[in-house]
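Working notes, beginning with the structure itself.
Read the figures in this text as sums done on the coordinates, not as results from a lab. Given the structure is predicted, the values throughout are model-derived calculations rather than measurements. Every residue, glycine among them, receives a Cβ derived from its backbone with ideal geometry; neighbour counts consider all protein chains shown.
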Amino acid sequence: MSSPHPLTIHYHRDFDGMVAAAVLVHILRESFDENLRWSSLNYDQRKDWDNFQRGRRFGIVDFHFHPKAEYWFDHHPTTFLSPELREAYRPSDRWEWDAASPSCPPIILRHAKEHWGFEAPARFEEMARWSDVVDGANYRDVDEALFGDDPALRISRALAAAPDRDWTDTLVGAMADATLDEVAKRADVEKAWQRAVRNRDKALHQFPPTVISFDSLVVLYDATSNKIRRERFAPFFHHPKALFAVGSIPTRSGFHVTAGQNPWNQPPEGLLHIGEMMEEFGGGGHRAVGGANAKSLADAKRIAAAVAERMRRAVEARV
Ligand SMILES: [Mn+2]
């Protein structure tokens, strides 16, 4: 199995993507004696996807399917970039897609056991469990989401204050060899975590003045000022009774409207499919969360207001 050419594992740069890479790196080293490297991916790299890493050996985890990947594992329902790519996928000894899995690492652990007879150390089970929590936003409550102190949650929050772009590669290497607790206690993680915590507190403090309205259990906010720090769950921290929140935020190249339902006070089943609604505004998403890019600040405000109105009508019709 061993090849003189290195095999690079490319991974989605978020908590479950990093854990997925760490798990696969560990397993491939132990089982197949591969010369492994790893490197994160971003969405810009989809542009010339056919030629991705042409001529090199690679694997991909927690990111789009590529037919040249020697190893590929993902859980995203939107993983196939074309019908041809969907057609090219067959479950195999080295590929597995499970859109029902809340995160990517459990797929790899199960696959390794079933196909390669590899029983992973318990620390990877712990990482996989936390990946499901973080990637699926399955936190116990808003306090755990914002203030949770478990090693996995410290690492996950520290990512928001990464010292540089390659830092996730460093952490993947660390997680391949150590427990979450050991990784969370690294000086660089501790330092980034402290910075991220200060940013969180600032974001929570800055949120209330951004609220335009809180009517019919729908929070509408405008966080487009680039002086404002953003914390994903701030709307539900300040408005725990809210069923939905929608707001405008700045991006590197413009503006984005982000919409979601309250994970800890969920609207009645079937009230609103947010991803489908956002498709009408040129975006997309899942049932519980979605978004759309806007052409201008005015456009972002218009979309956010229209989405809030749709949410309020849905709530008033049913609640
Ligand atoms: Mn991911």
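To the nearest ten degrees, helix 105-116 and the longest principal axis of the Cα atoms of the chain are 20 degrees apart.
In the structure shown, do any of Lys68/Lys191; Lys47/Lys191; Lys47/Lys295; Lys68/Lys227 have a Cα-Cα gap over 32 Å, and if so which? Checking Cα-Cα distances, Lys68/Lys191; Lys47/Lys191; Lys68/Lys227 exceed 32 Å. A straight Cα-to-Cα reach below 27 Å connects Lys185 with the lysines Lys202, residues fewer than 8 places away in its own chain not being considered. Computed packing ranks the peptides 272-278, 303-309 as 303-309, 272-278, most packed first, by mean other Cβ atoms within 10 Å.
Run through all the Cα pairs of the stretch 220-272 and give the fraction in each 5 Å bin from 0, expressed as whole percent. The distribution over the stretch 220-272 is 4, 19, 29, 20, 15, 8, 4, 1, given as percents. The dipole here belongs to the stretch 135-237: it is taken about the Cα centre, uses +1 on the Cβ of Lys and Arg and -1 on the Cβ of Asp and Glu, and is about 480 debye. If the chain linking Asp164 and Lys68 were pulled fully straight, counting 0.36 nm for each residue of separation and taking away their Cα-Cα distance, it would gain 31.6 nm. The listed peptides 44-54, 166-176, ordered by packing as a protection proxy, come out as 166-176, 44-54 (highest mean of other Cβ atoms within 10 Å first). Compared with the dominant Cα axis of the chain, that is its longest principal axis, helix 167-177 is turned about 50°.
Beta bridges from DSSP with both residues in the stretch 131-258: antiparallel share about 60 percent, rounded to the nearest 5. Restricting the calculation to Cα atoms, the stretch 7-188 shows an Rg/Rh of 0.95 when the hydrodynamic-style radius is the Kirkwood one. By DSSP, the beta bridges lying fully in the chain are antiparallel in about 45 percent of cases. Fraction of C-alpha pairs exceeding 24 angstrom in the stretch 207-318: 14 percent, rounded to a whole number.
From most to least packed by mean Cβ count within 10 Å, the peptides 204-217, 243-256 give 243-256, 204-217.
Nearest 10 degrees, 0 to 90: what angle lies between the long axis of helix 187-206 and the longest principal axis of the chain (Cα atoms)? Result, in degrees: 20. For the chain, the average shadow cast by the Cα convex hull is 16.7 nm², which is a quarter of the hull's surface.
The modelled label-to-label distance between Lys295 and Leu81, using points 7 Å beyond Cα along the C-beta direction, is 2.7 nm.
Across q = 0.21, 0.22 Å⁻¹, the stretch 1-97 modelled as identical point scatterers on its alpha-carbon atoms has Debye log10 I(q)/I(0) values of -1.11, -1.22, in the order of the q list. Net charge near Asp14: determine it from the other residues with C-beta under 10 Å of the C-beta of Asp14, scoring Lys and Arg +1 and Asp and Glu -1. Surrounding charge for Asp14 is -2. Quick one: Cα centre-to-centre distance for the stretch 73-107 and the stretch 198-240, in angstrom? The stretch 73-107 and the stretch 198-240 have Cα centres spaced 35 Å from each other.
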